[in-house]
Structures are given as structure tokens and as C-alpha cells.
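Following: one structure in C-alpha cells, then a few remarks.
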Amino acid sequence: MRSRQRMFAAVMRLLLKCLRLGRRRRFKLVRQVEQLWHYGHLCLRSLLYNSFTNGDVVLDSLFEPVYWLVDHVTRWFGVVFVALVIGLTSSIVAIVYICLLPLILQTYTPAWICWHLAYGHWNLIMIVFHYYMAITTSPGHPPQAKNDLTGVSICRKCIAPKPARTHHCSICNRCVLKMDHHCPWLNNCVGHYNHRYFFSFCLFMTMGCIYCSISGWEMFRDAYAAIERMKLLEKERLQVAANQTYYQTPPPTFSFRQRAFHKSVVYLWVLCSSVALALGALTLWHAALITRGETSIERHINRKERQRLQKKGKVSRAHGTGAGWGRARCDAPLSVLQVFRNPYSYGSWDNWKVFLGVDVPRHWLTRVLLPSPHLPHGTGLSWDLPPCVTEQRAPLLAI
């Protein structure tokens, strides 16, 4: 009897001990979850508790993985994009020479033949020249050693002098003089020494695509109608063949050469029209930036700086297009504020002359309408007044 009581007491003690251990473990797990929750909440509050945090900072943080992916993928896909540009352009040129040029020589008048031959080959030469120069020309890089340049900062990634208008390219992993952007279609940065080549390529490529789209509109309509007839006759031929023996099947109505011709014309028109719309929009955007004397990066920086100074009440909401800082009256009485202006702008007309390197009137022919490897004004390290500027810049006033 006593042995049974002892055994029962031992079993009960064992059960109580197991219950205590399970309860302790459960309480320990709950405490760990609570600690992790409080730690995560504290980290989140510490990250968000920043007087400089705004919607743009949060958006940049969310897009940081996308930026990392673009930086690492674009570096390897640049060669693929260049090969794609060369391949598509070569296919269009081949179709023009093989399919369209013989038709033009047979059906057009001598005057139109001369026009198409002259304009088409001039446009092609300008496209090939500027694309080759944009790819092979270095955009320009600042010197790594210290020099006598004034007003330069230090790049946090290169740990080297960083002149004005210079920015670091995360894809090339170098600082670029007057950097506009990194173009994967060039596999190169667009900067001080090849910015003109890049814009000229975009302009002449857009002109060439518009020329092909307009000139080949009638051919495209005829080719598209012919392809539709091919499909209809093919369907009828298959229906007839289903009711006949194999040796009685009628031969195809259109030959392989005719099919290839019509499909090539449709391919040419669709590709040229698509590129004209997409590249034309990009060309207009860069033309607007050149008119204001800005790059793509400076456009973003100037807009942010203008908004920051407007919030502080140091500049008016008038948008200046000239250079330096001007003076303008705001709505409040007896208060004079500064107008934010781009300090590297010389005026719309002079901005184009500086960008294209036009010093004298004949340069519009020799440097703009004809292939020219001339260098841009300045070295990209300092920004003195070019000799082609007709008016002096307004002084840069301090706020």
C-alpha cells in the first residue's frame, strides 16, 4: 500500500515538474517574442525619426534595390544593346537598298530620285558618324591628383577632386565631367566630350525614321493589303486542297520573294514609326534641357534646390531661364526676393551655340550639317564664358 502511495506521489511530482518546465518555456518564448517586437518597433522608429526624412527619401529607399539591379545589369547588357542598335539599323538599311531603292529608281522621276539619294545617304552618314563617335569618345573624367582648380568638392566614392557639374557614375564607377546620364544604348556615359554626339545621333536617327515612315507610307499600305490577300488566298487554297487529292493541290499564289518583300516593307514601317515616336520624345526632352543650359541631372538638382529655397522664402516662385540670380518682386508688398536661375545658362540661343560649338556663321554648315569631330568649349573642369556668347552672364548673387 505504501509503495503504491509513494509511486503515485512520485508520478504526481513528475507531472508537476513537467508542467512547470512547460510553463517556463512557454513564458520564455512569449518574452522573446515581446522583446523582438519591441526591438523591431524601436528600430523602425529610430529609422523614421529624422528631421530630413520626407516622401522622396522614403521613395529612394524603396527603389534602392531597383537601382542596385540596374547598376549591375546595365553594365553587362550595354554590349547587347549596342549590338541590337547596330543590328536593327543594319536591317533597315539592307531593306532600303534591296527592296525599296530598285523600286524608287524604276518608278520615281529624276528629281525625286536625286532627292532620295542625296538626303537618304546624308542622313545615314550623319547617323553612323555620330553613333560611332558617341560610343568611342570618352565623356571626360577629372584628374585624380590635386591641382589648382578652385571651387571643387571631393567625391565620396572616388575620394578625388570633383569639379563643378561633375557627377559619379555608379555603372562606370568613375566621375564624369558634365555628366548627363549613362546610356545603355551607347554602353557609355554621356558627358562633356560626347554629349553633342549623343544628341546629334538621336536627332538624325529620329529624322531618318520619320523620313522612312513618310516615304514608305504608300508602300506600307500596299504591302499590308497584299499580306491580307495572301492570308485569304492561303485559307481558300487549304479549303480546296481538303477536298482534293495531294497531286491536285494548287500551287501557292505568291512566291517566297514576294512574301519577303511585303513583310520587309511592313517591318520597316512599323519599326521606323515606333522608333520615331519613342526617340523623338527623348530628343525633344534633351532639346529642352539644352535650351535651358541644363543636363538631366542638373534639371533634377535645380528643381529640388528651387523648391527648398521657396519653402524657406528666399526665392520667389517665378521660374528664371537666364543665368545667375535675378531679382523679382513677390506678391507681398515691399519685399524683394531672388529668382532662382541656372548659373550655367547663357540664354536660349547662346546655349545652342555653345553646345554645338558654333563660333562663326559658317560653323552651322561645317560643324552642324556635316560630320565634325571638333571639341566642345572648355575642358569641363572650369566654366568660363565662351567666346561665342553675345551677352555677359548676370552675376551670381549670394542669398
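The values are calculated or read from the model by the stated rules, or taken from the named source; none is laboratory data. Keep in mind the model is a prediction, meaning the values are calculated, not measured. For neighbour counting, all protein chains shown are included, and Cβ atoms are generated from backbone atoms with ideal geometry for every residue, glycine included. Just so you know, the surface numbers come from the protein's heavy atoms only, side chains and all, with ligands and any DNA or RNA stripped out. Shrake-Rupley method; radii C 1.70, N 1.55, O 1.52, S 1.80 Å.
Which residues, counting only those in region 160-178, are assigned to a loop (DSSP other than H, G, I, E, B) and open to solvent by 40 Å² or more (accessible area, probe 1.4 Å)?
Of everything in region 160-178, those that are assigned to a loop (DSSP other than H, G, I, E, B) and open to solvent by 40 Å² or more (accessible area, probe 1.4 Å) turn out to be Ser170, Cys172, Asn173.
Name the single residue that is nearest to His286 (Cα to Cα) among those in region 340-359 being open to solvent by 50 Å² or more (accessible area, probe 1.4 Å) and part of a loop (DSSP other than H, G, I, E, B).
Among those residues, the one meeting the criterion is Tyr344.
Only one of Ile171, Ile125, Ile135 is more than 18 Å from the chain's Cα centre (by Cα) and of a type outside the set (Asp, Glu); which?
Answer to the selection: Ile125.
Listed here are the residues, each with its yes/no results for (1) open to solvent by 60 Å² or more (accessible area, probe 1.4 Å); (2) farther than 26 Å from His182 by Cα; (3) modelled with pLDDT of 60 or more; (4) of a type outside the set (S, T, N, Q).
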position	(1), (2), (3), (4)
Gly293	no, no, yes, yes
His300	yes, no, yes, yes
Lys312	yes, yes, yes, yes
Ser316	no, yes, yes, no
Trp325	no, yes, no, yes
Arg329	yes, yes, no, yes
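Which helices (runs of 4 or more DSSP H) sit wholly inside region 20-109 and have at least 1 residues that are modelled with pLDDT under 75 and touching a His at 6+ places or on another chain (Cβ under 8 Å)?
Output list reads 64-95.
Would you be able to tell me the number of residues in region 102-111 that are surrounded by 13 or more Cβ atoms within 10 Å (Cβ to Cβ) and without any contact (Cβ under 8 Å) to a residue 12 or more places away in the chain?
1
Check Tyr97, Tyr119 and return the single one that is within 25 Å of Phe220 (Cβ to Cβ), surrounded by fewer than 14 Cβ atoms within 10 Å (Cβ to Cβ) and not aliphatic (A, V, I, L, M).
After applying the criteria, what remains is Tyr97.
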